[in-house]
Amino acid sequence: MDIWFFLIQVLNGLQYGLLLFLVASGLTLIFGIMGIINLAHGSFYMLGAYLTFWLLQSVDSLLLAIVLALPISAAVGYLIEALLVRVLYRRDHLDQVLLTYGLILIFNEAQRMLWGGDVHGIKVPAALDWSIPLTDTLSYPVYRMAISAVCAALAVGMYLVIQRTRFGMWIRAGASNRDMVAALGINVNLLFGAVFALGAVLAALSGAIAAPISSIGPGMGDTVLIICFVVVVIGGVGSIKGAFLGALLIGLADTFGKVLAPDFASFSVYAVMAAVLLVKPRGLFA
Amino acid sequence: MSRLPRSLSILLSVAIILLGAYPLFGDVLFPNKHAFLMQKLTGIMIMAVMAMSLDLLVGVAGLVSMGHAAFFGLGGYMLAMLSPEYSAANLWVVLPAALVVVAIASAMVGYLSIRTSGIYFIMVTLAFGQMGFYFFNDSKLAGGSDGAYIMVKPAVEILGVSLLNLGDKRTLYYVGLGALVGVYLLLRVVLASPFGRVVSAIGVNENRVRGLGFDPVAYKLLAFTIGGTIAGLAGFLAAIQYGFVNPATLSWHHSGEALVMVILGGMGTLFGPAIGAFVFELAKMGFESVTEHWLLPMGAMIIGIVLLLPKGVGGLLLQLFSGRSKMEGGQ
């Protein structure tokens, strides 16, 4: 393998991994803090992509469409938390799985009713639609680098918010003892609603920024959901640091799997998971 | 698992007898739709077998698996891969072979998943189920994403004499009914055995079981393997019925449906999930006949069940009948 070709695959793997981290971090945050396993998380990813696609029919700028899509996703997330998920805090995981599974069916069908079963695409914005030449024949698209940069910046931002701000302190406190936090006068319902909405926004943002380099179609949320589960399982449920490393690992495994063994590309990801489980049954950072 | 209240046993037996008699009087009741309904019921009885096998894991052992359909699908794929293209396979060879492969696969997945618990177990089984899905979806082993056909149904012969013609719809109906009753009784025997009692105890309190000197991992692994193998049997029968397998039979949506059947029927009751399969499939039929967007009411129904009926239909029936038998002075 040519060194430049290898480098491009590494960049692709890291870019995919960073994007996966953005989706998976919401999933693991919601579990770690609220104790909720949310199967509908992938639906928010789909929602973000479809909203952006839909808004682009009225506005010209991708950035503006994404900015408009995010508050809508946050509102949907907050409503779902307030109306349905809130009932589940005292229930077991089985009920959570089933209720959010029911939500997936509703999301998928609503998507088909609103936007149909066709596969759509979004154009890469002109300002970012160029490539950095590496050799005579190989180059690397700038938009992919922009995705990596946005995801990396958000990862740092999330770390700072959770570790260094008062809001982050509430979140960490709510995760370890919900009742005590409530007794200290913090509105836990509002806090958890905000966390759930935040998770929804992270997933929707990932779906939106990934849309120009992938396609928008039915079932896109399900695929992402399962891969995020693998990421979270590898990293350790509830651990943001674990999700970060797990996402990079899976991003690279998937990219190189596609290059080296195209017939079993989707398989390589699960092989990595099985290997990690053999050595560390609770993930790398549980 | 304790004995069922007598009146409930009678009710369930009557239901089975009615199911058994259906091919005889179905023609009169539904003259236009009889053949369709008989096929539908065959499919539902096979799904009921799958739901009961999942109940052994979820309701009895406390192992919430979201990847159970992988074993169902694998059972079907084994039939498709072992059948010769233009002649009949020998059932006495392909059925045991398929079940052995499914048993090995479920033991392997079980070995890796059972070391985890709770939410982790759910995610791991889901991921392994999808691994099975992609295995058949991406590889060219059996038609890839298009699936594979079973052109000729397997032959059931002893010494060259044909016992059953699986191509006949009514025969297949009774095979499905036989599997439903047979698996139910088998699982009741398993649960009444010392092994089954330990598994039930693990579902209630694993630490105490460990404290009593049992190794929960070994018991859970065996329960997982038994459940997976029975799901494989259901998938095998479904493949005979439809003459077709595709990767969707392994997908996590199918696992989710089975889980809904278990909850809808009432987990841990064994007969409940079988009822759940009937209610689920009939509701699906009803929604489909009303709107092409049937997933919408289906999703709403599932959410409604979780919120309003956490113990399922089976739990409701048990409560109803155990109350009555107490008044009658029964067990």
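The values are calculated or read from the model by the stated rules, or taken from the named source; none is laboratory data. The model shown is predicted, which means the values in this text are computed figures rather than measured ones. Heads up, the Cβs are rebuilt from the backbone with ideal geometry, glycines too, and the neighbour counts pull from every protein chain shown.
When B:Asn32 is tested against (1) within 30 Å of B:Gly266 (Cα to Cα); (2) polar (S, T, N, Q); (3) assigned to a loop (DSSP other than H, G, I, E, B), exactly one condition is not met: (1). Across the stretch A:38-49, not a single residue is classified as without any contact (Cβ under 8 Å) to a residue 40 or more places away in the chain, surrounded by 15 or more Cβ atoms within 10 Å (Cβ to Cβ) and among the aliphatic types (A, V, I, L, M).
Within the stretch B:200-227, the set of residues being more than 20 Å from B:Gly118 (Cβ to Cβ) and touching a Leu at 6+ places or on another chain (Cβ under 9 Å) comprises B:Ile226 only.
Please indicate, with yes or no, whether at least one residue in the stretch B:91-103 is within 14 Å of chain A (Cβ to nearest Cβ), assigned to a helix (DSSP H, G or I) and surrounded by 14 or more Cβ atoms within 10 Å (Cβ to Cβ). Looking through the stretch B:91-103, none of the residues is within 14 Å of chain A (Cβ to nearest Cβ), assigned to a helix (DSSP H, G or I) and surrounded by 14 or more Cβ atoms within 10 Å (Cβ to Cβ). Within the stretch A:216-239, at least one residue is under 29 Å from B:Gly144 (Cβ atoms) and touching a strand residue (DSSP E or B) at 6+ places or on another chain (Cβ under 8 Å).
Within the stretch A:80-109, residues that are within 13 Å of A:Phe44 (Cβ to Cβ) reach partners that are part of a helix (DSSP H, G or I) and among the polar types (S, T, N, Q) with beta carbons closer than 7 Å, at six or more positions or on different chains, in the pairs A:Leu103/A:Ser43; A:Ile104/A:Ser43; A:Phe107/A:Ser43.
Among the residues of the stretch A:98-136, the one identified as more than 10 Å from chain B (Cβ to nearest Cβ) and among the basic types (Lys, Arg) is A:Lys123.
Cβ-Cβ contacts under 7 Å between residues 6 or more apart (or on different chains), taken from a first residue in the stretch B:298-317 that is in contact (Cβ under 8 Å) with a residue 40 or more places away in the chain to a second residue that is β-branched (Val, Ile, Thr) and surrounded by fewer than 22 Cβ atoms within 10 Å (Cβ to Cβ), are listed as B:Val313/B:Val279. Remark: pairs (first residue in the stretch B:231-247, assigned to a strand (DSSP E or B); second residue hydroxyl-bearing (Ser, Thr, Tyr); Cβ separation under 7 Å; 6+ apart in sequence or on different chains) = B:Phe244/B:Tyr149; B:Val245/B:Tyr77. B:Val49 fulfils the conditions (1) closer than 25 Å to B:Ala148 by Cα; (2) within 14 Å of chain A (Cβ to nearest Cβ) except for a single criterion, (2).
Within the stretch A:137-149, can one find any residue that is within 14 Å of another protein chain (Cβ to nearest Cβ) and modelled with pLDDT of 85 or more? No. All but one of (1) within 11 Å of chain A (Cβ to nearest Cβ); (2) over 14 Å from the mean Cα position of the chain (by Cα) hold for B:Gly286; state the number of the condition that does not hold. With respect to (1) within 11 Å of chain A (Cβ to nearest Cβ); (2) over 14 Å from the mean Cα position of the chain (by Cα), B:Gly286 is out only on (1). Looking only at residues in the stretch A:83-97 that are more than 8 Å from every other protein chain (Cβ to nearest Cβ) and under 16 Å from B:Val260 (Cα atoms), which one is surrounded by the most Cβ atoms within 10 Å (Cβ to Cβ)? The residue in question is A:Gln96.
Taking the stretch A:158-187 as the range and being outside any helix (DSSP H, G or I) and not small (Gly, Ala, Ser) as the test, the residues that pass are A:Thr165, A:Asn177, A:Leu184, A:Ile186, A:Asn187.
Among the residues of the stretch B:67-83, write down those that are part of a helix (DSSP H, G or I) and within 14 Å of chain A (Cβ to nearest Cβ). Of everything in the stretch B:67-83, those that are part of a helix (DSSP H, G or I) and within 14 Å of chain A (Cβ to nearest Cβ) turn out to be B:Ala69, B:Ala70. Under the condition of being more than 14 Å from B:Glu85 (Cα to Cα) and assigned to a loop (DSSP other than H, G, I, E, B), the residues counted in the stretch B:149-168 number 6. Just one of the listed residues (A:Ile80, A:Ile66, A:Ile30) is surrounded by fewer than 24 Cβ atoms within 10 Å (Cβ to Cβ) and either at pLDDT below 90 or away from chain B (no Cβ under 11 Å) (or both), and it is A:Ile66. Just one of the listed residues (A:Val230, A:Val259, A:Val195, A:Val224) is within 11 Å of chain B (Cβ to nearest Cβ), out of contact with any Ser or Thr (no Cβ under 7 Å at 6 or more places or on another chain) and in a helix (DSSP H, G or I), and it is A:Val230.
Checking A:Ala210, A:Ala275, A:Ala253, A:Ala203 one by one, the residue that is in contact with a His (Cβ under 7 Å, 6 or more places away or on another chain), under 28 Å from A:Val10 (Cα atoms) and in a helix (DSSP H, G or I) is A:Ala203 and no other. Selection over the stretch B:121-137 of residues that are of a type in the set (Ser, Thr, Tyr) and either at the interface with chain A (Cβ under 7 Å from one of its Cβ atoms) or without any contact (Cβ under 8 Å) to a residue 60 or more places away in the chain (or both) gives a count of 1.
Only one of the numbered conditions (1) part of a helix (DSSP H, G or I); (2) within 12 Å of another protein chain (Cβ to nearest Cβ); (3) at pLDDT below 90 is not met by A:Ala24, and that is (3). Of the residues A:Gly236, A:Gly168, the single one that is out of contact with any His (no Cβ under 6 Å at 6 or more places or on another chain) and buried (at least 20 other Cβ atoms within 10 Å of the Cβ) is A:Gly236. In this structure, B:Gly272 does not satisfy being farther than 16 Å from A:Leu99 by Cβ, at pLDDT 85 or above and in contact with a Leu (Cβ under 6 Å, 6 or more places away or on another chain). Taken together, B:Met52, B:Met78 contain a single residue that is modelled with pLDDT of 90 or more and within 22 Å of B:Phe280 (Cβ to Cβ), which is B:Met52. Screening the candidates B:Val64, B:Val58 for the property of being under 24 Å from B:Asn205 (Cβ atoms) and part of a helix (DSSP H, G or I) yields one hit, B:Val58. Considering only residues in the stretch B:106-120 that are surrounded by fewer than 22 Cβ atoms within 10 Å (Cβ to Cβ) and more than 7 Å from chain A (Cβ to nearest Cβ), the one that is nearest to the chain's Cα centre (by Cα) turns out to be B:Ala107.
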